[in-house]
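Laboratory data are not the source of any read-out in this text; all were calculated from the coordinates shown. This structure is a prediction, so every number in the text was calculated from the model and none was measured. When we count neighbours, we look across all protein chains shown, and the Cβ atoms used for this are built from the backbone with ideal geometry, even at glycine.
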Amino acid sequence: MKKGYELPCNIAQSLNIIGDRWTLLIIHDILIGNQHFNELRTSLTGISSNLLSERLKYLEEEGLIEATLYSKHPPRYKYSLTKSGQDLEHVFHSLVIWGRKHLQKCYKKIEHTACHHEVEIAYYCPHCRENVEDLTVIPVNVEEKNQSL
C-alpha cells in the first residue's frame with residue numbers, strides 16, 4: 001500500500017485506512033446490502049475488477065470486512081462488515097447531512113422515519129445523560145487508551 005500520513009492525529013490515521021479512492025464507497029455498498037463481488041462491481045460503476053479485489057483484500061486485512069467462502073469452484077466470497085466497519089455508518093450519515101447542506105447537486109437526505117423530517121447530528125454525553133454542544137477535542141494518553149482496550 002501507499003505511504004500513509006505519519007501525523008499524530010485520529011483523522012490522519014483513519015485516512016491511512018479508509019482514505020483511498022473507492023474504499024468508503026465499497027464499505028458503504030456492503031453496508032447497504034451488496035455483499036457479493038459482482039454486486040459491488042455493478043453498483044460501483046467505474047471501478048476495475050482488479051482494484052475492487054485489491055481493496056476488498058485490504059479491508060479484510062484491516063479488520064473492516066469479513067469474507068466468507070460460499071462457493072469453492074470457482075471460489076466466491078460473500079462480504080460482510082465487522083463491528084469496526086459497521087461503526088462507519090455514522091460517518092456515512094454525517095457525509096450525507098454535510099452534502100445536503102453544502103453540495104450543489106444533492107442526491108440523498110436523512111429523515112426521521114416516524115415523522116419524515118430531516119435529522120441533525122447531535123452529541124450525547126452518557127455520563128450527563130443529555131445532548132451537549134460544548135465539545136473539546138483533547139489528546140489521548142497512549143497508555144490510557146491501551147488500558148481501556
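When segment 38-88 is filtered for residues that are in a loop (DSSP other than H, G, I, E, B) and not hydroxyl-bearing (S, T, Y), the ones remaining, listed by number, are L44, G46, I47, E62, G63, L64, K72, H73, P74, P75, D87, L88. Quick one: T82 ticks every box in (1) touching a residue at least 12 places away in the same chain (Cβ under 8 Å); (2) buried (at least 17 other Cβ atoms within 10 Å of the Cβ) bar one, so which box is it? If we test T82 against (1) touching a residue at least 12 places away in the same chain (Cβ under 8 Å); (2) buried (at least 17 other Cβ atoms within 10 Å of the Cβ), just (2) comes out false. Filtering segment 19-51 to residues that are in contact (Cβ under 8 Å) with a residue 40 or more places away in the chain and either closer than 21 Å to V91 by Cβ or hydroxyl-bearing (S, T, Y) (or both) leaves L24, I27, H28, I30, L31, Q35.
All told, L56 falls short of being within 30 Å of I138 (Cβ to Cβ) and in contact with a strand residue (DSSP E or B) (Cβ under 7 Å, 6 or more places away or on another chain). When segment 4-61 is filtered for residues that are touching a Lys or Arg at 6+ places or on another chain (Cβ under 9 Å) and among the acidic types (D, E), only D20 remains. Only one of the numbered conditions (1) surrounded by fewer than 10 Cβ atoms within 10 Å (Cβ to Cβ); (2) touching a residue at least 60 places away in the same chain (Cβ under 8 Å); (3) among the hydrophobic types (A, V, I, L, M, F, W, C) is not met by F92, and that is (1).
List, please: which pairs have Cβ atoms under 7 Å, are six or more places apart or on different chains, and start with a residue in segment 52-70 that is on the phi > 0 side of the Ramachandran plot and end with one that is not in a strand (DSSP E or B)? Within 7 Å, the pairs are G63/T82; G63/S84. Which condition number in (1) out of contact with any Phe, Trp or Tyr (no Cβ under 6 Å at 6 or more places or on another chain); (2) surrounded by 12 or more Cβ atoms within 10 Å (Cβ to Cβ); (3) over 30 Å from P8 (Cα atoms) is the one that E54 fails? Going through the list (1) out of contact with any Phe, Trp or Tyr (no Cβ under 6 Å at 6 or more places or on another chain); (2) surrounded by 12 or more Cβ atoms within 10 Å (Cβ to Cβ); (3) over 30 Å from P8 (Cα atoms), E54 breaks only (3).
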